[in-house]
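Comments concern the structure below.
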Amino acid sequence: MKVIFLGAPGSGKGTHATRVKLALDVPHISTGDIFRENIKGGTPLGLLAKSYIDKGALVPDEVVIKIVADRLSREDCKKGFILDGFPRTIRQAEELKKIADIDVVINLVVDDEAIVKRVAGRRMCRCGETYNVAFLNGSNVCAKCGGELYQRDDDKEETVKSRLEVYHKETAPLIDYYRKEGLLKDVDGAQSIDKVYADILKVLQ
Ligand code: AP5
């Protein structure tokens with residue numbers, strides 16, 4: 001199955017894609033994770049991406065499109081994949097259409113006020129786990145690997161506001177784009193994590 005997770009920053013795309021990939025047994029491809037790995041490794045791509053991500057801006061289309069096209073051409077994507085954070089512009093969607101037949105686009109709906117709260121509270125572990133201070137009971141340690149949790153550089157309040165502006169201008173038009181294609185399924189992303197996950201599984205059945 002070929003699935004896109006669409007939604008504002010902090011709407012829960014990563015949280016749910018991580019669970020759904022196990023249910024579908026397909027790779028989870030997050031363009032944000034690819035950039036963060038490259039930033040960590042100090043690669044030329046990482047340096048370029050960081051100059052955009054730190055401002056809350058989008059990495060240029062031609063850079064992202066090439067990365068995703070390369071990734072989707074790998075053997076493990078033949079049976080399906082979950083795209084998280086791509087496409088983010090109409091141009092990216094048009095390019096994706098040329099290389100893959102998408103089965104469903106899950107649009108996680110969460111209002112801006114809740115987004116700002118969630119993203120400000122997000123904490124990450126180097127092992128890839130994501131947490132929120134609201135559920136950590138004061139702990140700063142990963143329950144999975146014991147690593148110390150940290151805040152993403154682009155989760156600072158000012159950057160989150162820029163990311164939301166960019167989302168409304170560049171990415172939200174994809175909602176109509178995929179609705180017209182008959183692929184869009186809205187899921188209320190403001191519910192509890194387990195309820196959102198259950199609704200996503202219903203859509204995928
Ligand atoms: P990316 O990493 O894709 O960031 P994003 O889209 O802004 O999404 P986030 O990772 O912030 O949030 P999410 O929706 O995954 O939410 P999460 O599950 O973590 O991209 C980063 C940057 O890279 C971009 O700004 C851009 O510069 C660049 N980039 C990436 N892709 C690009 C592209 N295609 N084109 C151009 N540039 C690109 O959840 C958030 C928090 O909420 C967590 O703490 C979680 O625990 C909590 N939470 C989740 N669900 C719930 C719930 N139901 N109830 C309560 N809390 C919840």
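The values are calculated or read from the model by the stated rules, or taken from the named source; none is laboratory data. No experiment lies behind these values; they were computed from the predicted model shown. Quick reminder, even Gly has a Cβ in these numbers, built from the backbone with ideal geometry, and neighbours come from all protein chains shown. Heads up: the accessible areas ignore ligands, DNA and RNA and are worked out on the full protein's heavy atoms, side chains in. Shrake-Rupley method; radii C 1.70, N 1.55, O 1.52, S 1.80 Å.
Using a probe radius of 1.4 angstrom, the carbon and sulfur fraction of the accessible surface of the range 65-146 is 51%. The magnitude of the dipole of the chain, with charges of +1 and -1 set on the Cβ of Lys/Arg and Asp/Glu and taken from the Cα centre, is near 320 debye. Output the pairs from LYS78/LYS144; LYS98/LYS156; LYS2/LYS66; LYS55/LYS185 with a Cα-Cα distance over 26 Å in this structure; if there are none, say none. Checking Cα-Cα distances, LYS78/LYS144; LYS98/LYS156; LYS55/LYS185 exceed 26 Å. For the modelled label position 7 Å from the Cα of GLU157 along Cα-to-Cβ, which residues of the range 1-34 have backbone nitrogen atoms closer than 15 Å? Once the point is set 7 Å along Cα→Cβ of GLU157, nothing inside the range 1-34 turns out to lie under 15 Å by backbone N. Taking amide H positions as modeled 1.01 Å from N, with prolines and chain starts lacking one, the residues under 5 Å from VAL104 and 5 or more places away or on another chain are LYS2, ILE4. Averaged per residue, the chain has 53 square angstrom of accessible surface, using a 1.4 angstrom probe with ligands and nucleic acids left out. Return the aspartates and glutamates within reach of LYS40: Cα separation strictly under 15 angstrom, same-chain partners fewer than 8 residues apart disregarded; answer none if there are no such residues. Answer for LYS40, where 15 Å is the Cα cut-off: ASP54, ASP153, ASP154, listed by chain and number. Taking each residue as 0.36 nm, the span from ILE193 to ASP112 lengthens on full extension beyond its C-alpha to C-alpha distance by 27.4 nm. Using the Cβ-Cβ distance between LEU48 and ALA69 with R0 set to 25 Å, the FRET efficiency works out to roughly 0.90. Working from Cα pairs under 8 Å separated by at least six residues, relative contact order for the range 25-179 is 27 percent. With K and R counted +1 and D and E -1, the other residues having a Cβ less than 10 Å from that of ASP155 yield a net charge of +3. Spin-label model, GLN205 to LYS169: label points 7 Å out along the Cα-to-beta-carbon direction sit 4.2 nm apart. As a length-normalised measure over Cα pairs under 8 Å and 6 or more apart, the relative contact order of the range 1-57 settles at 18 percent. Apply the a/c threshold of 1.5 to the C-alpha gyration tensor of the range 138-205 and tell me whether it is rounded, prolate or oblate. It comes out oblate by the Cα gyration axes.
Between GLU148 and ASP76, the simple label model (points 7 Å from Cα in the Cβ direction) yields a spacing of 3.0 nm.
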